[in-house]
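Remarks on the structure that follows.
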Amino acid sequence: MSNVVTKEDFDFDVLGLQGRDLVSGTRGTITSITESRSGSIQIAIEPKGFFGRPIDTFSYDFQQVEVFKEKSIQSRFKSRLPVIKTKPAFKLGERVKDLVSDATGFVIRRTTYMNGCILYTVLPDGEKKIAEALHIFQPLLESAQSDSDKDLTVGWDALNEEVVETAPDESETKPAKARTGGPAERSINSSSAL
């Protein structure tokens, strides 16, 4: 299907367009896009209920959402809704500081809404569980990235269900010493032989 969004051509310019979940058939306006540090990209679709009233939004993986960009398909629906485009100020994994509470932490998720608001999920320093994360809008954040933090990243440990900080290990960058020879030599102890 030519209208299916793939990771190669996903351009984040789908806010305000009509979309349809290929699995459930839910159809409506794309109202937000959420990017996670784990690599997940979710598209929120707000369908219309009875009498044209909007109902709760549903989020879907971007791979299973069909976006209607062509004019002929779009003309079946309302034209594209107005969208305020705002450029994200912080990268996923970047260290930021909350201007209200002075808490610092890493950005682990970013949601961009069609009204121009960008909501960041920030995991405070010292916390490991996502349940402890803060949700802060972009104007209330500033970068706290220092030179020592530039190679520091955060990732998700699915086994322990927690966020982990990792720094590049210099030993990992060196190639491993090649093993020579065949199988390991085995010696038979004559006293234990039958």
Is there a pair in Lys87/Lys128; Lys48/Lys87; Lys69/Lys91; Lys69/Lys97 whose C-alpha atoms are over 32 Å apart, and which pairs would that be?
Lys69/Lys97
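Report the full-extension gain for the segment Lys87 to Asp13: residue separation times 0.36 nm, less the Cα-Cα distance, to one decimal in nm. It would help to have the intermediate numbers written out before the result.
Numbers: separation 74, 0.36 × 74 = 26.64 nm, distance 1.19 nm.
My answer for the length gained is 25.5 nm.
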Give, as a single signed number, the net charge of other residues whose beta carbon lies under 15 Å from the beta carbon of Pro139, with Lys and Arg counted +1 and Asp and Glu -1.
+1
Inter-probe distance in nm under a simple model that places probes 7 Å from Cα toward Cβ, at Arg27 and Lys69
2.0
Report the label-to-label distance for Asp125 and Ser143 in nanometres (one decimal), using points 7 Å from each Cα along the Cα→Cβ vector.
1.8
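Every read-out reported here was derived from the displayed coordinates using simple, explicitly stated rules and does not represent laboratory data. Please read these numbers as outputs of a predicted model, since none were measured by experiment. Cβ atoms come from the backbone with ideal geometry, glycine included; neighbour counts cover every protein chain shown.
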